[in-house]
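Visitor: My questions all concern the structure below.
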Amino acid sequence: MRGAAAAMSGFSVEERAAPHSAEYRLFFKDAAGRYISPFHDIPIYADAGKNVFNMVVEVPRWTNAKMEIATKEPLNPIKQDVKKGKLRYVANVFPHKGYIWNYGAIPQTWEDPGHKDENTGCCGDNDPIDVCEIGSKVCSRGEVIRVKVLGTLALIDEGETDWKIIAINVEDPEADSYNDINDVRRMKPGYLEATVDWFRRYKVPDGKPENQFAFNEEFKDKDFAVNVIKSTHEHWKALIAKKTDGGEINCTNLTVSDSPFCCGQDCAKATVDAAPPCKAANPIPPEVDKWFYYEKN
């Protein structure tokens, strides 16, 4: 990978099959070159004392391919989401082009679908917690970055709680100026409003209704967001220890020694070796570049 990015975090990635194909997978390795799960083996914290979290980048800013950690597959590689047999690309809902932040997840977190959130009254969406990283650098797919949490938005997506954490890369030249959600409002006017607009409307081109939000569409502050992350980390701990039934979630890991799902490197390597070899990327369909316009309600 993108040598510099890999060297910074100690993690690297290995591509299998062709990008923009249903078979495409992006597997993760640690600093020693051992295969790991980005969901279970990358630590939640980069610096617990300072509340700096690791973030796995799934979707680089301005791109459209809906890439995500494959929670139901061994080693949880990144893959492109498929709906009704077709690869998913988010539409460009005017005036937005693709994703308007680097988008990804915090490892070792899980929004438990069996747990009703006391704040939203809805259950979790069965995924690691999502992050919108607002720094100036466009990250690479599979990059592991360290982020400062600034706040959160509670999206209600088809009846499920889907927290969106707002964060900034600690390597960003302006990171020191951002300490809470109000700093985003002050330094990047319009960005939070655009974020609500994006999440409200991104499924409309697929014929779905606009999404709803808890808290009257208000962003919650840093302390609230950190508490939400810590809660999802506790749910993940129960999942990985088999104290909660994770259903189809694949909990295979290499580093959580007291987990019944912990496996050896031979087993991990066999998983990667079974995937097709890396190939040149498939072309992105031309319709992915279209603008989608509609009257706001």
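The values are calculated or read from the model by the stated rules, or taken from the named source; none is laboratory data. Since the structure is predicted, the reported quantities are computational estimates derived from the model, not experimental observations. Glycine also receives a Cβ, built like all others from the backbone with ideal geometry; neighbour counts cover every protein chain displayed. Areas reflect the complete protein model, heavy atoms only, side chains present, ligands, DNA and RNA absent. Shrake-Rupley method; radii C 1.70, N 1.55, O 1.52, S 1.80 Å.
Visitor: Within segment 36-79, track down each residue that is more than 16 Å from TYR202 (Cβ to Cβ), part of a strand (DSSP E or B) and in contact (Cβ under 8 Å) with a residue 40 or more places away in the chain.
Guide: Residues satisfying the conditions are ILE36, ALA46, ASP47, VAL52, PHE53, ASN54, MET55, VAL56, VAL57, ILE69, ILE78, LYS79.
Visitor: Considering every residue within segment 224-235, establish whether at least one is at pLDDT 95 or above, hydrophobic (A, V, I, L, M, F, W, C) and touching an Asp or Glu at 6+ places or on another chain (Cβ under 8 Å).
Guide: Within segment 224-235, not a single residue is at pLDDT 95 or above, hydrophobic (A, V, I, L, M, F, W, C) and touching an Asp or Glu at 6+ places or on another chain (Cβ under 8 Å).
Visitor: Still on this structure, I have one more. Being under 23 Å from LYS230 (Cα atoms) and at pLDDT below 95 is the filter; apply it to segment 157-194 and report the residue that is least open to solvent (accessible area, probe 1.4 Å).
Guide: THR161
Visitor: Name every residue in segment 259-284 that is in contact (Cβ under 8 Å) with a residue 60 or more places away in the chain and of a type in the set (D, E, K, R), in order of residue number.
Guide: LYS269, LYS279
Visitor: Assuming LYS208 fulfils every condition listed in (1) farther than 25 Å from PHE28 by Cα; (2) in a loop (DSSP other than H, G, I, E, B); (3) touching a Cys at 6+ places or on another chain (Cβ under 8 Å) apart from one, which condition is it?
Guide: (3)
Visitor: Could you tell me whether SER231 is open to solvent by 40 Å² or more (accessible area, probe 1.4 Å), free of Cβ contacts under 8 Å to residues at least 60 places away in the same chain, among the hydroxyl-bearing types (Ser, Thr, Tyr) and farther than 30 Å from GLU193 by Cβ?
Guide: no
Visitor: Quick one: what pairs do we get from segment 122-142, first residue under 17 Å from VAL52 (Cβ atoms), second of a type outside the set (A, V, I, L, M, F, W, C) and open to solvent by 30 Å² or more (accessible area, probe 1.4 Å), C-beta under 7 Å, 6+ apart or different chains?
Guide: Listed pairs, sorted by first residue: ILE134/LYS188; ILE134/TYR191.
Visitor: Scan segment 235-253 for residues that are surrounded by 14 or more Cβ atoms within 10 Å (Cβ to Cβ) and within 21 Å of the chain's Cα centre (by Cα) and jot them down.
Guide: Those that are surrounded by 14 or more Cβ atoms within 10 Å (Cβ to Cβ) and within 21 Å of the chain's Cα centre (by Cα): HIS235, TRP236, LYS237, ALA238, LEU239, ILE240, GLY246, ILE249, ASN250, CYS251, THR252, ASN253.
Visitor: Does segment 213-229 contain at least one residue that is touching a Phe, Trp or Tyr at 6+ places or on another chain (Cβ under 8 Å), part of a loop (DSSP other than H, G, I, E, B) and not acidic (Asp, Glu)?
Guide: no
Visitor: On the basis of being more than 30 Å from GLN265 (Cα to Cα) and acidic (Asp, Glu), does GLU118 make the cut?
Guide: So GLU118 fits the description; yes.
Visitor: Report, by residue number, each residue of segment 90-136 that is open to solvent by 40 Å² or more (accessible area, probe 1.4 Å) and under 21 Å from ASP206 (Cα atoms).
Guide: PHE94, PRO95, LYS97
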